[in-house]
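A short write-up of the structure that comes next.
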Amino acid sequence: MRLFSVQQMLLPPPNPKDNPKDHKEHPMSAPVNNENIILLVDQYLMQLPLEALQLLQMNHVSSVSREISLQMIFNKMHSGPSAEELEEKGKKEKGVDKTKPPPRLPGLRDANKKQVKIIPLERPVPAGILPVDTNSFRYIVDPHLDCSETEVKKPVEVFNNMLEEHSQQFTPRWLGILGNEHTPSQGEYEIYLAECGAFVFYGMERFLGYIPPHKVAATNMPDCQLMVLLDQTQTSSSFSRQAKIDVHKTTDRLALEKPVETAMLLGLAGVNCVLINQWHCSLQDNAEKLDILMKELLAGGKTTGHAVHTLLVPPKMKEDNEVADEGAEKPKVDEGSRRNSHDSNASVGPVMNRQRANLVCYGLPNIIVAQLSKV
């Protein structure tokens, strides 16, 4: 991995007219294929979509993530368990341990008794990659059911479709709460956060608007490798509900609920990687992010940083499709229409969808979803 500060990224390139012997090549100056870049910036620059910089969208860049300090990177890279350690832990837990307390997660004991059969996944974990077990995913979706019946892309329906799409190998043993079942309590939030390998929140407003920041700071989450927070959407119901709650909060409390501060609190609590929205978006935007992100992480087998970078740079996701379409016959285009289209494309440059830079990766970009526990 290459660590960049803002000063290093903004250094001007060497002048080609200068004598190359007069300049000593920096060990980080040569581009490396599939390199993961971690940005070390302050909290003010973190408010900006730094991942959208043209310098960070080059072909050799595989992922771009953020971190608050070198100490956090060091602790996260050396605290995560390896695949061998997780397999040994699973074997030990398989044996009967009378001294071990029963799991606190609702439905976990019933899920273990059912033993839902899933197709085994042969996905080796390369060196330098941290695995997270697909059977340790937990989720909370639209806790207060703030979407009306007329809303399009309701989170509960979108999430259920995603679970069904990946049910053969990945999602049958996921546990969580949907808003149409019941509203989760504060205790359920704490239990799901403390006893998970990965956590997905998909709902309205701000994540820390549901669980107070001091509860997150006091919760120990050493086993949580990945947290996906698809929030920052609003409906009329969620806006009125959240406005009544925010009236009684202090300015400092509201500041802690912002995306950057949320990622910092979760990192201090032990989460190795946090994927979170930086600004508000629509239900359609979050639905597209969930669909693409889960396809890349689950079926695609990509790392967290690479999956988020695919959202930002869509040509990387479409390279295979373009190669497959090269052999197909192209329809004949009239010369006049071709000239008109060329003129229109030249006058209007490519416009980037700002929502593609909304989802940001904080922490380690080298986490991959695997099947670690025996099926």
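General remarks:
- Legend: P(r) of the stretch 183-276 from all alpha carbon pair distances, 10 Å bins from 0, whole percents, reading 16, 52, 28, 4.
- Virtual spin-label span in nm between residue 180 and residue 71, 7 Å along Cα→Cβ: 4.7
- Full-extension gain in nm, residue 43 to residue 258, via 0.36 nm per residue minus C-alpha separation: 76.3 nm
- Counting Lys and Arg as +1 and Asp and Glu as -1 over every other residue whose Cβ lies under 14 Å from the Cβ of residue 214, the net charge comes to -1.
- Ranking of 66, 123 by count of other Cβ atoms within 10 Å, fewest first: 123, 66
- Protection-proxy order for peptides 228-238, 150-160, each taking the mean of Cβ atoms within 10 Å per residue, highest first: 228-238, 150-160
- Dipole of the stretch 110-228 [Lys/Arg +1, Asp/Glu -1 at C-beta], most positive-end residue of 143, 179, 199: 199
- Applying 0.36 nm per residue to the separation of residue 53 and residue 291 and subtracting their alpha-carbon distance, the gain on full extension is 83.2 nm.
- Stretching the chain fully between residue 35 and residue 164 yields a gain of 43.1 nm (0.36 nm per residue, less the alpha carbon separation).
- Cβ-based net charge around residue 52, under 10 Å, with every Lys or Arg adding one and every Asp or Glu removing one: +1
- Note on residue 119/residue 239: beta-carbon distance plugged into 1/(1 + (r/R0)^6) with R0 of 41 Å gives a FRET efficiency of 0.45.
Bear in mind that the values in this text are calculations on the coordinates, not laboratory data. Bear in mind the structure is a predicted one, so any value in this text is a computation, not a measurement. With ideal geometry, Cβ positions are generated from the backbone for all residues, glycine too; neighbour counts draw on all protein chains shown.
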